[in-house]
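*Asks:* The structure that follows is given in the form of structure tokens.
The values are calculated or read from the model by the stated rules, or taken from the named source; none is laboratory data. This is a predicted model, so every value here is computed, not measured. Here the Cβ positions follow ideal geometry from the backbone for every residue, glycine too, while neighbour counts run over all protein chains shown. The accessibility values were calculated without ligands, DNA or RNA, using every heavy atom of the protein model including side chains. Shrake-Rupley method; radii C 1.70, N 1.55, O 1.52, S 1.80 Å.
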Amino acid sequence: MKSYHADKDGFYGSFGGAFIPEMLYPNVAGLKSRYLEIIESPGFQKEFRNLLRHYVGRPTPLYYAGRLSEKYGCRIYLKREDLCHTGAHKVNNTIGQILLAQKLGKKRIIAETGAGQHGVATATVCALMGLPCIVYMGEVDIARQAPNVARMKLLGAEVRAALSGSRTLKDVTNEAIRDWINNPEDTHYIIGSVVGPHPYPDMVARFQSVISEEIQAQLRELEGRDAPDYVIACVGGGSNAAGAYYHYLDREEVGIIAVEAAGRGIHSGESAATSALGRTGIIHGSKTLLMQTDDGQITEPYSISAGLDYPGIGPMHAHLYTSGRGEFHSITDEEAMEAGRELAALEGIIPAIETSHAFAVLKNRPFRPEDILVFNLSGRGDKDLQTYIDFFDL
Ligand SMILES: *Cc1c(COP(=O)(O)O)cnc(C)c1O
């Protein structure tokens, strides 16, 4: 049977794999040889499920959005990842990886972060487990994301500035990788999305797959069937989307809709619409679609939402795009902000601006009255309040 999951070498069609420098081989090979056996073991699953329930607050509700449904003439459900501890889905993955790190006997955690959301989710679980945490962050982002830097420090993490290059995410990744190469024995590197070399995309997708596992059970209870007609999610690297799609990937009757950030417009030169603009290349050790110049230099992405301005997408999504299994949309800053405001006004839920992009799809294509849609509400908008204030002059 055709499958949209990773094969044993981490390939999704022709995308994925592990294209890494030789010095990183021992680290990645160690992880690759043990991750499945560990995370599928009953002991691990018990601890993971326990923390998801009592620490993260799972299962998150699947909420029927009546006023939004009425406005768009279809049946709309919201999967409330915004209600997770720390305000977004990212903690599902960091909980999984910190438990894995413990099983591997690691004593020290490193991570890199752009907007700071993944840094906060990592610092959170390090505090929970009492492990030292070093978060690499670009100098520019440290200045731009001061509240998240403060959160990480309060949680006991050390925030290290990357000083090389353009001092944003891609240079920071290089510094984190250098650290990992120098500390192969005692350190685990927590990657925050379905990106990076195999086994990261598959591993992160498995940790996030609790989202669609819960949707199945909740929809069965609410609608008498376990699958919607469409699952819709925003895509930065692609982890919240991967979790929401996971159990529906190989069920072709379920439509998969992915929403990327078009920034100021796909052809404005300021966007993060990777599927529309990207070509195949290697980023962070993975073969995938990425935005690059003619001579292969990675292009600096832009979006009003810091969580979506990644120049690539995970290999699962690159495959969903090129195979036609997924339907991809690009949404501008303005369309996203309006969609966020609409959700707040109609449902009393202020979404993260990343998530707002997904809702803008409702204006971009029609749905039938009987269609059941599930939106993955990846995060809450508290962190974005100043951006909403500035944009709408509130
Ligand atoms: C980080 C983030 C995203 C984007 O990351 P994915 O890996 O694509 O999910 C989306 N929404 C929120 C709220 C985020 O914090």
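*Asks:* Out of all the residues in region 107-129, which are surrounded by 24 or more Cβ atoms within 10 Å (Cβ to Cβ) and among the charged types (D, E, K, R)?
*Replies:* GLU112 - this is the single residue of region 107-129 that is surrounded by 24 or more Cβ atoms within 10 Å (Cβ to Cβ) and among the charged types (D, E, K, R).
*Asks:* Which members of region 86-106 meet the condition of being assigned to a loop (DSSP other than H, G, I, E, B) and surrounded by 24 or more Cβ atoms within 10 Å (Cβ to Cβ)?
*Replies:* Hit for region 86-106 is HIS89, nothing else.
*Asks:* Considering each residue of region 278-292, count those that are of a type in the set (A, V, I, L, M, F, W, C) and surrounded by fewer than 21 Cβ atoms within 10 Å (Cβ to Cβ), and give that number.
*Replies:* 1
*Asks:* Could you tell me whether region 161-179 includes any residue that is part of a loop (DSSP other than H, G, I, E, B), in contact (Cβ under 8 Å) with a residue 60 or more places away in the chain and more than 13 Å from the ligand (Cβ to nearest atom)?
*Replies:* yes
*Asks:* Follow-up. Take the residues in region 130-144 that are aliphatic (A, V, I, L, M) and modelled with pLDDT of 95 or more; name whichever of them is surrounded by the most Cβ atoms within 10 Å (Cβ to Cβ).
*Replies:* Looking at the filtered set, the residue picked out is VAL135.
*Asks:* Separate question: How about region 194-211: which of its residues are of a type in the set (Gly, Ala, Ser) and buried (at least 24 other Cβ atoms within 10 Å of the Cβ)?
*Replies:* Selection gives GLY196, ALA205.
*Asks:* Now a separate question. For region 332-348, which residues satisfy the criterion of being open to solvent by less than 30 Å² (accessible area, probe 1.4 Å), more than 13 Å from the ligand (Cβ to nearest atom) and of a type in the set (A, V, I, L, M)?
*Replies:* MET337, ALA339, LEU343
*Asks:* Then there's this: Regarding region 145-158, can at least one residue be identified that is in a loop (DSSP other than H, G, I, E, B), closer than 30 Å to GLY43 by Cα, open to solvent by less than 40 Å² (accessible area, probe 1.4 Å) and not assigned by TED's automatic domain parsing to the domain that holds ALA233?
*Replies:* Yes, region 145-158 contains at least one residue that is in a loop (DSSP other than H, G, I, E, B), closer than 30 Å to GLY43 by Cα, open to solvent by less than 40 Å² (accessible area, probe 1.4 Å) and not assigned by TED's automatic domain parsing to the domain that holds ALA233.
*Asks:* Just one of (1) open to solvent by 10 Å² or more (accessible area, probe 1.4 Å); (2) farther than 30 Å from PHE367 by Cα trips up LEU83, so point out which.
*Replies:* (2)
*Asks:* So, one more: Tell me, yes or no, whether region 212-231 has at least one residue that is under 24 Å from ILE190 (Cα atoms), open to solvent by less than 10 Å² (accessible area, probe 1.4 Å) and either of a type in the set (Lys, Arg) or within 13 Å of the ligand (Cβ to nearest atom) (or both).
*Replies:* no
*Asks:* Also, I was wondering about something else. Mind counting the residues in region 39-61 that are closer than 16 Å to LYS90 by Cα and surrounded by 12 or more Cβ atoms within 10 Å (Cβ to Cβ)?
*Replies:* 10
*Asks:* Tell me which of these ASP186 doesn't satisfy, since it passes every other one: (1) open to solvent by 10 Å² or more (accessible area, probe 1.4 Å); (2) at pLDDT 95 or above; (3) within 15 Å of the ligand (Cβ to nearest atom).
*Replies:* Unmet for ASP186, out of (1) open to solvent by 10 Å² or more (accessible area, probe 1.4 Å); (2) at pLDDT 95 or above; (3) within 15 Å of the ligand (Cβ to nearest atom): (3).
*Asks:* What residue, of GLU347, GLU354, GLU370, GLU334, is without any contact (Cβ under 8 Å) to a residue 60 or more places away in the chain and among the charged types (D, E, K, R)?
*Replies:* GLU334
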